[in-house]
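See below for the structure under consideration.
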Amino acid sequence: MASAATTSAQPPILEKYALPELPSVAAADPHRNVLDAARLSVAKIVSEAWGVDADKVFMGVDTGKKGADLAIAIPRFVKGKPDEAAKKVLDAFKPSSLVASATQDGAFLLFALDREGFAYHLLRTISHATKAAEENPESKTAAYGTTEEGKGKHMLIDFSSPNIAKPFHAGHLRSTIIGAVISNLHEAMGWKVTRLNYLGDWGTQYGLLSVGFDRYGSEEELVKDPIQHLFQVYVKINQERAAETERFNAGEITDADSTIHAAAKRVFKDMEDGEPKAIAQWARFRDLSIEKLKETYKKLNIDFDVYWGESQVKPESMQRAIDVCVEKGLTCEDRGALLVDLVRFKMDKAIIRKADGTTIYLTRDLGGLHDKWNKYKFDKHIYVVQAAQSLHFRQLFKTVELMGEEAAGKLEHISFGLVHGMSTRKGTVVFLDDILEEAKETMHEQMKSNEAKYAQIEDPETTSQIIGTTAVKIQDLMGKRVNDYNFDMKRCTSFEGDFGPFIQYSHVRLCSVQRKNPNVVVPSAVEEVDLSILNEPKIHDILFHLALYPQTVRNAFNQSEPSGLVHWCFRLSHLVGSAWETIKVSGAPEEAAKARLFLFVQTRAVLASAMRLLSLTPIEHM
Ligand code: ARG
C-alpha cells in the first residue's frame, strides 16, 4: 500500500491568487473546503469591523442565500438599524482572490466570490485530492470531501443482520443499504470501521426448522438454494404447528408432549445445551445460508468484516448480564420468567430469561454487547435496525446504562421507516435476490428499447445489474430515512426524472466527454488552465455546487442521513446536464477545450466519490 508520503506535494499557490491570512476557527476546514476559506475571509473583515469573535461570524456566513454566494444576516450580530453596521463592513472591505465584492441588501450583507480566484482555489483543491486518491487507492481520506478528524476512532456497525430461514424483508434491505452508507461516511471522516452482520440464527424457531427439515427437507434443494428451501420448510412446518395448536385448544389432541411445538422446544433446548447432533444440523443451515448471502451482498457491492450472530454470543456473557441485573436490583419475576423492570422509564418490563431457562433476543443483545466490547473496545457502536425495534433498543441501552457497563453511552440506534408495496413478479414474499434480479431485468428491458444504443453496450448483463442495483439503492436513500416510502420498481428504474439511473447516466456522460475528445490534452494541474474561460455563469453554478460537497458529506455524517448526498448528486447531474449545450469541448478553441475538459474531468471525479460513498459502482459506458 502506498503511503501518504508518496503523494506528490501540492505546488505553492500562484502569487496572483494568494490569500490574506485567515483567522483560525475550529469548525472551519479551509484546506479541504474552499467555501470555508471564503467564509473565513469574510469572517475576518466582519469580526474586525464589529468587534465580534471570528468563530461566531464564521458560523453566521451562509452559502447560497438571497441569491448571493455568501450572506450574513446583520441582526444576528448587531441590534438596531443595520445601515450603520453594514457601512462599517463595506468601508473596511478589501477584495481578495476569493471574495470580490460586498453589498448591503436591507438586513443582509451579501458577498460575491471572485469567480476566477474561486475557480482556481476550488479546482486546485479538487484536482490535488483526486490525484492523491488515485495514487492511494486504499486510502479512504484522500479524496475531495473527506477529512481525517476521526483518526484513531473506531466505529462498530451492526447492519443488515437478516434471519436465517426467513425471508430477507424490506427492513433488512433498508438496513443493508443505509448501513453501508453510514459505514462509508465514517471512513470518509477518518474513522476505522468494522462492519458486522449479526445474523438471527438462534432461538426456538430453529428448533422448529429442524423438526420441519427432518420431515420435509431435501438435501438437494438445501444445497441448491438454502435460503429459499429453509424458508419453504419453515412455512410448511409452521402452518402445521398452528393447525395442531388449534386442535389442541379444541381438545382434539391431549398429549402436549407429542406436538410439533413441544418437539421444537426440545430441539432448541438441545441446541442451547450444546447437544452435538442438534448443533451439527443447525451449523450446516447457517454455513450454507451465509455462503448464499455473501453472493447476494457481492451484487450489492457490500462487504462485511464479520459474520457474527445471536448463536455466537457467549453463554457466560449472557449469564453475567443476568447476574449483574439481579445484583443491581433491576429485575422482577413473573410466572418463572425473569424480567428487567423499566416501567419507571416508561419502557415496560422486558424478559431476559424465559421460564424454561432459555434465553431471548434481548438477553443475546445484552451478552453480545459485552463480547463485542471486549473484542473491539469501540468508540461508537451503531445498530441500523427498523423503527419497529425502537423499544427493544431503548430497553437494551437503558439496561446497559443501569448495569453500569463501559459501553453505555457509546451506543446508537439508527432507525428508518417502512417500505410499502414491495413485491416481485414471483409473489409478495420477497427475497433480496429476486428484487435484485428483477431490477436488473427491468433495466435490461429499458436499455433494449433503444436499439442503436443497446448495440454499443459492451457488457449489457453487468451494466444492467449495476444500474438496477443503483435504482433500488437510490430509491431507498433519496427520502429522509425516518420516512416510509412506496417501493416502485418501474419508477425507480426510469431514466426520466431524479432516480438512480439518472446519476449513472450523468457519470457516463462526464466520462464520454473525455473519450470523445481524444485530441484535447487534459491539463495536469490547474496552473495550466486559462481560468478566465471558466468565468461563465453555468460553470460558476457547477463550481459552487462542487464547493458545497465537503459540507454535504459532513452533514450526511453528522445526521446519519444519506438523502442530502443523493440530492447533491441529482442537482449536480442537472447542472451538468444543462451545461452540455453551451459549454462545448468539441469544436471549441484549444484553450477553451482544455479548460472545459479539465472542469468536466474534476466534476466526474467528485461525482464518482459521492457515488462510492453511496455504495454505488460508477459506470463508465452505457
Ligand atoms: N435479526 C434481527 C431482525 O431481523 C435484527 C438484528 C439487529 N441487531 C441487533 N443487534 N439486534 O429483526
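The values are calculated or read from the model by the stated rules, or taken from the named source; none is laboratory data. If you're wondering where the values come from, they're calculated on a predicted model, not measured in any experiment. Glycine gets a Cβ as well: all are built from the backbone with ideal geometry, and neighbour counts include every protein chain shown.
General remarks:
- Candidates Val482, Val429, filtered to the one that is modelled with pLDDT under 95, part of a loop (DSSP other than H, G, I, E, B) and not aromatic (Phe, Trp, Tyr): Val429
- Failed item in (1) outside any loop (DSSP other than H, G, I, E, B); (2) farther than 30 Å from Ala525 by Cβ, with Ala132 passing the rest: (2)
- Leading residue by the ranking (surrounded by the fewest Cβ atoms within 10 Å (Cβ to Cβ)) among those in the stretch 378-389 that are part of a loop (DSSP other than H, G, I, E, B) and within 12 Å of the ligand (Cβ to nearest atom): Gln386
- The criterion of being among the hydrophobic types (A, V, I, L, M, F, W, C), surrounded by fewer than 18 Cβ atoms within 10 Å (Cβ to Cβ) and in contact with a Leu (Cβ under 8 Å, 6 or more places away or on another chain) does not hold for Leu70.
- If you go through the stretch 430-482 and pick out every residue that is over 18 Å from the mean Cα position of the chain (by Cα), surrounded by 19 or more Cβ atoms within 10 Å (Cβ to Cβ) and of a type in the set (Ser, Thr, Tyr), you end up with 3.
- Restricting Asp114, Asp91, Asp158 to residues that are within 16 Å of the ligand (Cβ to nearest atom) and modelled with pLDDT of 95 or more narrows the list to Asp158.
- Check on Ala112, farther than 23 Å from Ala407 by Cβ and buried (at least 23 other Cβ atoms within 10 Å of the Cβ): no
- Residues satisfying the stated conditions in the stretch 490-503, i.e. touching a residue at least 60 places away in the same chain (Cβ under 8 Å), outside any loop (DSSP other than H, G, I, E, B) and surrounded by fewer than 23 Cβ atoms within 10 Å (Cβ to Cβ): Phe502
- Residue in the stretch 363-377 that is more than 13 Å from the ligand (Cβ to nearest atom) and free of Cβ contacts under 8 Å to residues at least 24 places away in the same chain present: yes
- Here the helices (runs of 4 or more DSSP H) wholly within the stretch 165-271 that include at least 3 residues being crowded, with 23+ Cβ neighbours inside 10 Å are 170-188, 204-216, 226-249.
Listed here are the residues, each with its yes/no results for (1) closer than 21 Å to Tyr361 by Cα; (2) in a loop (DSSP other than H, G, I, E, B); (3) touching a residue at least 60 places away in the same chain (Cβ under 8 Å); (4) within 14 Å of the ligand (Cβ to nearest atom).
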site: Leu391; (1), (2), (3), (4): yes, no, no, yes
site: Phe397; (1), (2), (3), (4): yes, no, no, yes
site: Asp433; (1), (2), (3), (4): no, no, yes, no
site: Ala455; (1), (2), (3), (4): no, no, no, no
site: Thr462; (1), (2), (3), (4): no, no, no, no
site: Gly468; (1), (2), (3), (4): no, no, no, no
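- Residue list for the stretch 333-347, filter: surrounded by 13 or more Cβ atoms within 10 Å (Cβ to Cβ), more than 32 Å from the chain's Cα centre (by Cα) and either without any contact (Cβ under 8 Å) to a residue 24 or more places away in the chain or within 30 Å of His420 (Cβ to Cβ) (or both): Ala337, Leu338, Leu339, Asp341
- Top-ranked residue in the stretch 18-43 [being under 22 Å from Ser532 (Cβ atoms) and surrounded by fewer than 20 Cβ atoms within 10 Å (Cβ to Cβ); ranked as modelled with the highest pLDDT]: Ala18
- Residue check for Ile279: touching a helix residue (DSSP H, G or I) at 6+ places or on another chain (Cβ under 7 Å), outside any helix (DSSP H, G or I) and aliphatic (A, V, I, L, M): no
- Test: residue in the stretch 324-332 that is surrounded by 13 or more Cβ atoms within 10 Å (Cβ to Cβ), part of a helix (DSSP H, G or I) and among the acidic types (Asp, Glu): no
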